[in-house]
Amino acid sequence: MDKILDILLLLDPAMEALLSERGIGEDDIRPVVLHAEGNGVYLEHGNGHRLACFTPAHVTFWVEYLPKGNGYRIFRAYTHRMKILQGFNMASGKESPPIGWSCSPCGLPLELAAVKLTYLGETFVVDLPACPSCQRVLVSEENAVTRMALAEQMLEDK
């Protein structure tokens, strides 16, 4: 637990305001960074940024960050409640433009894949970037805060 408290997060005021609006606290971000850095399980962008996710309970937290000195500069953080069904990805029928992210453990660029998501007993197949080897999936901020949030709300309202 002390390791989590030792993680220095570098946030600019605009990011602090966005996190507050989304109900995401520094105590939600630290475990994501600790898990990613401790296990080497994150996605890497050509600009050096890292993107990691962690699901401590029923919510998946995503954090885009960059190691900076003895801390981590946070560029974005978002959540979703849909569960990614790992190991069921299939090649997408759509042509995938370069995504810019690669899987750190595998060293492979992400490719568009048909990924299964589930929420409240409903299963969806959506095209998302994923590692062609280990099938680690990337849920973008746009997908999480718009499409997935809308689908979650619609299912909850049923």
What is the residue count in the range 24-46 for residues that are within 24 Å of GLU142 (Cβ to Cβ) and either touching a residue at least 40 places away in the same chain (Cβ under 8 Å) or among the aliphatic types (A, V, I, L, M) (or both)? 12
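Answer yes if at least one residue in the range 18-41 is of a type in the set (S, T, N, Q) and closer than 18 Å to THR146 by Cα, and no otherwise. Spell out how you get there, then give the answer.
In the first step, residues of the range 18-41 are kept if they are of a type in the set (S, T, N, Q); the result is 20, 39.
Then drop every residue that is not closer than 18 Å to THR146 by Cα, which leaves 20.
Yes, there is a match, as at least one residue in the range 18-41 is of a type in the set (S, T, N, Q) and closer than 18 Å to THR146 by Cα.
When you look at GLU16, is it free of Cβ contacts under 8 Å to residues at least 24 places away in the same chain, among the acidic types (Asp, Glu) and either over 27 Å from GLY107 (Cα atoms) or in contact with a Leu (Cβ under 9 Å, 6 or more places away or on another chain) (or both), yes or no?
Working: free of Cβ contacts under 8 Å to residues at least 24 places away in the same chain: yes; among the acidic types (Asp, Glu): yes; either over 27 Å from GLY107 (Cα atoms) or in contact with a Leu (Cβ under 9 Å, 6 or more places away or on another chain) (or both): yes.
For GLU16, the condition - free of Cβ contacts under 8 Å to residues at least 24 places away in the same chain, among the acidic types (Asp, Glu) and either over 27 Å from GLY107 (Cα atoms) or in contact with a Leu (Cβ under 9 Å, 6 or more places away or on another chain) (or both) - is met.
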Number of the exception - ARG81 against (1) among the charged types (D, E, K, R); (2) within 14 Å of LEU138 (Cα to Cα); (3) modelled with pLDDT under 95: (2)
Can you confirm whether LEU9 is part of a helix (DSSP H, G or I), open to solvent by less than 70 Å² (accessible area, probe 1.4 Å), modelled with pLDDT of 95 or more and of a type outside the set (Gly, Ala, Ser)? no
Would you call LEU18 in a helix (DSSP H, G or I), open to solvent by 30 Å² or more (accessible area, probe 1.4 Å) and not hydroxyl-bearing (Ser, Thr, Tyr)? yes
Quick one: in the range 109-157, of everything that is among the acidic types (Asp, Glu) and touching a Phe, Trp or Tyr at 6+ places or on another chain (Cβ under 8 Å), which residue is most open to solvent (accessible area, probe 1.4 Å)? GLU141
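Output the residues belonging to the range 49-60 that are open to solvent by 30 Å² or more (accessible area, probe 1.4 Å) and at pLDDT 95 or above. Working first, answer last.
Of the residues in the range 49-60, the ones open to solvent by 30 Å² or more (accessible area, probe 1.4 Å) are 50, 53-59.
Across the range 49-60, the qualifying residues are ARG50, CYS53, PHE54.
Return yes when PRO105 is farther than 21 Å from LEU9 by Cβ, modelled with pLDDT of 85 or more and not aliphatic (A, V, I, L, M) and no when it is not. Give the steps one after another, and end with the answer.
Details: farther than 21 Å from LEU9 by Cβ: yes; modelled with pLDDT of 85 or more: yes; not aliphatic (A, V, I, L, M): yes.
Spelling it out, PRO105 is indeed farther than 21 Å from LEU9 by Cβ, modelled with pLDDT of 85 or more and not aliphatic (A, V, I, L, M).
Before we move on, is ILE99 at pLDDT 95 or above and assigned to a loop (DSSP other than H, G, I, E, B)?
Values: at pLDDT 95 or above: no; assigned to a loop (DSSP other than H, G, I, E, B): yes.
In short, no.
The values are calculated or read from the model by the stated rules, or taken from the named source; none is laboratory data. Because the structure is a prediction, the values reported are computed rather than measured. Please note: Cβ atoms are built from the backbone with ideal geometry, for glycine as well, and neighbour counts cover all protein chains shown. Please note that ligands, DNA and RNA were not included when accessible areas were found on the heavy atoms of the full protein model with its side chains. Shrake-Rupley method; radii C 1.70, N 1.55, O 1.52, S 1.80 Å.
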